[in-house]
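The values are calculated or read from the model by the stated rules, or taken from the named source; none is laboratory data. Computed from a predicted structure; not experimentally measured. Neighbour counts are summed over all protein chains in view; Cβ atoms, including those assigned to glycine, are modelled from backbone coordinates with ideal geometry. Surface areas here come from the heavy atoms of the whole protein model, side chains and all, with no ligands, DNA or RNA. Shrake-Rupley method; radii C 1.70, N 1.55, O 1.52, S 1.80 Å.
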Amino acid sequence: MLYDMANRFLSEEIAPRYEEFEKAECFDRESWRKAGRNGLLCASIPEEYGGSGGTYAHESAIAEAIGHVGVDGFGIALHNAIVAPYILHYGSEEQKRKWLPRMATGELIGAIAMTEPGAGSDLQGVKTRAEKDGNQYRINGSKTFITNGQLANLIIVVAKTDPAMGAKGTSLFIVETDEVEGFERGRNLDKVGLKSNDTSELFFNDVRIPTSNLLGEDEGQGFVQLMQQLPQERLLIGAQAISMIERALAVTIEYVKERSAFGRKVIDFQNTQFKLAELKTEATIARVFYNDSVARHLEGRLDTTTASMAKYWLTDLQCKAVDECLQLFGGYGYMNEYPIARMYRDARVQRIYGGTNEIMKLLIARSL
């Protein structure tokens, strides 16, 4: 029921304006507020904090609807299934009541600032500092490639509180950008794909926040918090992958049934049938694997190794499937008016963010 509702909302309210958002390279705040009014924000957050009281399965249904409708740049999945859970799992009662209800309405738009110009998948290499100064922290540093970066007004910042301690000196902080000085947004980055999803540089120049904005009871818990939450982030990337695979197959099958070449429908050529048979099989395997990973996660059994397998394999398959589907469109597949062209561009980053697929293989290898 939630998937159907999300699909309907996205088809009626977001898809008709999606080209506008792609050209603007950013959504508008009203779309976020509409999503909140329709129950599509913070679905897995308990009702006492303004959410819908669901689980990751509900967040997955929303993420899959985004992929099936083809509005992949709408950044609500990250807000819902990555940012809000940090506050739910590690925030104090006061923090939960302060921030989660406003995230559920879309008043607050969430982002998480991990990546830096010199630290991508290597989170231990973070240079941003948070120094205690009385009853405040002073944050200095810069971040890049931050999803929702132009719109976000609640940002989880990964910073070093004790650089000498390495990973154990990392902490997470909540920055409400509307309430601080010294925070600056850099340019909205010019990306290959996912144009409508604002992705930005962020700068923290002596940004002062209350000590109560530390996430967790003590400093130095940030790296453990990140490691505990990254499996769900990687599973979410898998949701985006399988939903695009299924959409790519659907639009391609429709196209080859209509398009003729050499006096025959393209679907009637054996090569087309074999290619689509292979892709349909792989998509079915991917769906079963993804659903099983969700079931494991809901039972608390999704380990880092399996989440890494899901992220790497599903996104590799996503890029392969979209590429092969585009080939069946011929020259039209290279035209931006066809959705397969956008999928081709949008898919590529999936193998990079959330930890590159090479890092996923290293994590899997440690379990051997």
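Considering amide H positions built from the backbone, and no H for Pro or chain starts, which residues 5 or more places from Leu154, or on another chain, come under 5 Å of its amide H?
Ile109, Ala111, Thr177
Can you work out the accessible area per residue across region 243-368, with the rest of the protein chains kept in place, probe 1.4 Å, in square angstrom?
Roughly 54 Å² per residue, with all protein chains present.
Sort Trp32, Trp313 by heavy-atom solvent-accessible area, probe 1.4 angstrom, most to least.
Output order, biggest surface exposure first: Trp313, Trp32.
Could you compute the FRET efficiency for Val192 and Asp268, with r as their C-beta to C-beta distance and R0 at 45 Å, rounded to 0.05?
Given R0 = 45 Å and the Cβ-Cβ separation, E is 0.85.
Using bins 5 angstrom wide from zero, how does P(r) for region 101-189 break down, in % of all Cα pairs?
Pair shares across the bins are 3, 14, 23, 25, 18, 12, 4, 0, 0.
Apply the Karplus parameterisation 6.51 cos²θ - 1.76 cosθ + 1.60, with θ equal to phi minus 60°, to every residue of region 53-59 and state each ³J(HN,Hα) to the nearest whole Hz, in sequence, with x for glycine and proline.
For region 53-59, the Karplus curve yields x, x, 10, 4, 4, 6, 5 Hz.
Rounded to a whole number, what % of the accessible area of region 274-368 do carbon and sulfur atoms account for, probe 1.4 Å?
57
Restricting to Cα pairs below 8 Å that are 6+ residues apart, what does the relative contact order work out to for the chain? Please round to a whole percent.
Value for the chain: 15 percent.
Would you kindly derive the ³J(HN,Hα) couplings of region 294-304 from the backbone phi angles with the Karplus curve 6.51 cos²θ - 1.76 cosθ + 1.60 (θ = phi - 60°), listing them in order in whole Hz, with x for Gly and Pro?
Result, rounded to whole Hz: 5, 4, 4, 5, 5, 8, x, 10, 7, 8, 4.
Distance from the Cα centre of region 221-248 to that of region 291-337, in angstrom?
Cα centroid to Cα centroid, the span is 11 Å.
I'd like the distance separating the alpha-carbon centroids of region 130-166 and region 27-44, in whole Å.
Each part's Cα centre sits 26 Å from the other's.
Each residue of region 257-269 in turn: what ³J(HN,Hα) in whole Hz from Karplus with 6.51, -1.76, 1.60 and θ = phi - 60°, glycine and Pro shown as x?
Karplus-based 3J(HN,Hα) across region 257-269 equals 6, 9, 7, 10, 8, 6, x, 9, 5, 4, 5, 7, 6 Hz.
For the chain, with a Gaussian network of springs between Cα atoms less than 10 Å apart, report the residue from Glu337, Glu219, Glu282 with the top mean-square fluctuation.
Glu337
Hey, what number do you get for the chain at 222 nm if only DSSP H runs of n ≥ 4 count, each worth -39500 (n - 2.57), divided across all residues, to the nearest 500?
The helix-only estimate for the chain comes to -15000 deg cm²/dmol at 222 nm.
Taking a ≥ b ≥ c as the square roots of the eigenvalues of the Cα gyration tensor of region 10-132, is the shape rounded (a/c under 1.5), prolate (a/b larger than b/c) or oblate?
It is oblate, given that a/c is not under 1.5 and a/b is not larger than b/c.
Size of the dipole of region 1-107 about the Cα centre, Lys and Arg at +1 and Asp and Glu at -1 on the beta carbon, nothing else charged, in debye to 20?
Roughly 320 debye, rounded to the nearest 20.
Once the mean 1/r over all distinct Cα pairs of region 242-284 is inverted, what Kirkwood radius in angstroms do you read off?
Its Kirkwood hydrodynamic radius stands at 10.7 Å.
Name the long-range amide H neighbours of Tyr137: under 5 Å, sequence gap of 5 or more, or other chain; modelled H, no Pro or chain starts.
Ile209, Thr211
Report, in listed order, any pair from Lys127/Lys168; Lys96/Lys132; Lys96/Lys127; Lys275/Lys320 with a Cα-Cα distance greater than 19 Å.
Flagged as over cut-off: Lys96/Lys132; Lys96/Lys127.
Let me check the size of region 199-299 from its C-alpha atoms; what are the radius of gyration and Dmax in Å?
Spelled out, the Cα radius of gyration and Dmax of region 199-299 are 23.0, 72 Å.
Give me the Kirkwood hydrodynamic radius of region 68-221 in Å, from all C-alpha pairs, to one decimal place?
So the Kirkwood estimate lands at 15.7 Å.
Pairs Lys143/Lys195; Lys195/Lys361; Lys23/Lys265; Lys280/Lys311: which are spaced more than 26 Å apart, C-alpha to C-alpha?
Cα-Cα > 26 Å for Lys195/Lys361; Lys23/Lys265; rest within.
Quick check of the Kirkwood formula: for region 133-253, what is the inverse mean of 1/r over all pairs of different Cα atoms, in Å?
Over region 133-253, the inverse of the mean reciprocal pair distance is 16.4 Å.
Let me see the pair-distance distribution of region 257-368: every alpha carbon pair, 10 Å bin width, integer percents in order.
13, 33, 31, 16, 6, 1
Roughly how compact is region 24-68, stated as its Cα Rg over 2.2 N^0.38 Å to two decimals?
1.24
What percent does the relative contact order of region 252-368 come to when contacts are Cα pairs within less than 8 Å and at least six residues apart?
26 percent.
Taking amide H positions as placed 1.01 Å from N in the peptide plane, with prolines and chain starts having none, which residues 5 or more places from Gly149, or on another chain, fall under 5 Å of its amide H?
Thr199, Ser200
Can you give the charge dipole size of the chain about its Cα centre, rounded to the nearest 20 debye, using +1 on the beta carbon of Lys and Arg and -1 on the beta carbon of Asp and Glu?
The calculation lands at about 760 debye.
When a/c reaches 1.5 or more, the comparison of a/b and b/c decides; with that in mind, is region 79-151 rounded, prolate or oblate per its Cα gyration tensor?
oblate
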